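So the structure is just underneath, and the comments pick up after that.
The values are calculated or read from the model by the stated rules, or taken from the named source; none is laboratory data. What you see is a predicted model, and the numbers here were worked out from it, not measured in a lab. All Cβ positions, even for glycine, are placed from backbone atoms using ideal geometry, and neighbour counts span all protein chains on display. Please note that ligands, DNA and RNA were not included when accessible areas were found on the heavy atoms of the full protein model with its side chains. Shrake-Rupley method; radii C 1.70, N 1.55, O 1.52, S 1.80 Å.
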Amino acid sequence: MWYLCVFFHRLLDYRKAEVESLAQLFSNEDQEYQCLQWRLPLLHHPDSPFHFVDLPSEDVAKSIANRSILVKGMYELWGEGGSYEELEECIRNYPDERKLPYLDSNSTFKINVDTFGKVISLQEQTQRIQGLSYIPFKGRVNLKNPEHKFWLMETDDYGASNGLPPMVQKRIFFGREIGGADRKLLPTYQLKSRTYLGPTAMDAEMAFLMANQALATPGKLVYDPFVGTGSILISAAHFGAMTMGADIDIRVVRDGRGPDCNVWSNFKQYGLPMPIALLRADNNLPPWRTGLKEVFDAIICDPPYGVRAGGRKSGGRKLMKGVIGPYIVPDDKRTDHIPSTASYSLVECVHDLLDLAGRMLVMGGRLVFFYPVLSEDDNIDNHFPEHPCFKLIATSEQILSSRYSRVLLTMVKTSPYTEDIAEAARLKHLDFKENHLKWLEDGNLHSAVFSPTDPQSNGAADHAKFTKEPKPKYRGKYV
């Protein structure tokens, strides 16, 4: 059945991917991933918050709306039109068998008025509600806790002049609310009130989006190999998943800033189940026993790609150059020993991450991680890493500056991990490394992003390099 899906005007590239992931979670998770059918209202821009989506049932639509971060509401549409006359005709023609169960005299209801692209006064809202008198409501009005909520939503024909997605014709929608997002979730988990934070702590909204993409639910085990202060695992734990994390910096996972200011205290702050374990582990030298496979249901992470923090792996400069050989730390020094580390390029980090996921994810498990892209990339899809075990099902781009953006990649494990697969993955990695951009091979994204342009250089060429056709910019943050 088709439902009207109304999004918040945020993170436009993430909206459909989240709904499609949740649709699989609440319909039939064991079924192979399939894209939903979407269509736009008449004369609406693709970036419009109003979309129609075909979902299996009302229960699925309600579950999606109640859990989603970016869905404002899901509605059974009773009518739409370019004027209130068209709207009335459409509502009158809507089948009575669909309307009458919600107009019963024993029920309670409430009508809300919402607008996009303009603001109307309380008096105007009241006039619009009174204009719906042709709908035979027989129940009682209950503004605090109604059984049925109805929404009258109106857009304005402001064209493209007010910093919002272009709207060339006024459109009015009326429908019954199936479900709506709980935006109180984000203020509860906002970073500024969190006990323990680091420079790369993931924003709460983005962390919950990642958990939804990974289908985090009770009974699942979610792993973050770059756990840091635990922001991503906190979102997975909120949805009931068991969590486990690792980080190469033992001071982060073991000490924090004291007994009451560490990763564990973040979970305690929100009353969430503690992680099964937090390991001091190196993504380049994973600690798992030989033969151990298919343990995790999802791996969610934000790999270090060199903008806010660079990647590190075990070794140290002397060890990597062969000046000294491998050594064993004496027992009396192990308590306070901080292992030496060396630089860890992004291309190597991503290869190790894909190999870890291929080996340790269950069949159908999801790998969700961020990947950086420079603005000079004409076709970013050509630069995404690949692995024979995985199918890439969603890419969502967030532009962070004029010079680079990050893309959230969602992959599903479709093939078991074998020695042949491992060799094929190694060859793909070598081809990927050879043909990719120089900044990725060197792991030097920080310089590419923050180095000033040379005023003596060819200005026209540099300008063209970083000014491929831009995405539309709208009012608001993270849109």
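Couple of notes before you dig in:
- When we screen ALA236, ALA216, ALA246, ALA201 for residues that are part of a helix (DSSP H, G or I) and either within 21 Å of the chain's Cα centre (by Cα) or of a type in the set (Gly, Ala, Ser) (or both), the only hit is ALA236.
- Tally of residues being part of a helix (DSSP H, G or I) and farther than 30 Å from ASN28 by Cα across region 45-103: 12
- Region 253-277, residues that are of a type in the set (Val, Ile, Thr), assigned to a helix (DSSP H, G or I) and either open to solvent by 30 Å² or more (accessible area, probe 1.4 Å) or in contact with a Lys or Arg (Cβ under 8 Å, 6 or more places away or on another chain) (or both): VAL253
- Selection of region 67-115 for residues being crowded, with 19+ Cβ neighbours inside 10 Å and among the aromatic types (Phe, Trp, Tyr) yields TYR75, TRP78, PHE109.
- Count of region 353-372 residues which are open to solvent by less than 10 Å² (accessible area, probe 1.4 Å) and farther than 26 Å from ILE399 by Cβ: 5
- First in region 185-202 and without any contact (Cβ under 8 Å) to a residue 60 or more places away in the chain, second anywhere and buried (at least 18 other Cβ atoms within 10 Å of the Cβ) and aromatic (Phe, Trp, Tyr), Cβ under 8 Å, 6 or more apart: none
- Checked against (1) touching a residue at least 24 places away in the same chain (Cβ under 8 Å); (2) farther than 21 Å from VAL6 by Cβ; (3) assigned to a loop (DSSP other than H, G, I, E, B), ILE135 passes all but condition (2).
- Residues in region 354-368 that are closer than 16 Å to ARG406 by Cβ and at pLDDT below 95: none.
- In this structure, ALA309 does not satisfy being modelled with pLDDT of 95 or more, surrounded by 14 or more Cβ atoms within 10 Å (Cβ to Cβ) and under 27 Å from HIS351 (Cα atoms).
- Residues being out of contact with any Phe, Trp or Tyr (no Cβ under 8 Å at 6 or more places or on another chain), open to solvent by 10 Å² or more (accessible area, probe 1.4 Å) and either in contact (Cβ under 8 Å) with a residue 40 or more places away in the chain or of a type in the set (Lys, Arg) (or both) - total across region 153-182: 8
- All positions within region 214-224 that are open to solvent by 10 Å² or more (accessible area, probe 1.4 Å) and either of a type outside the set (Lys, Arg) or free of Cβ contacts under 8 Å to residues at least 60 places away in the same chain (or both): THR217, PRO218, GLY219, LEU221
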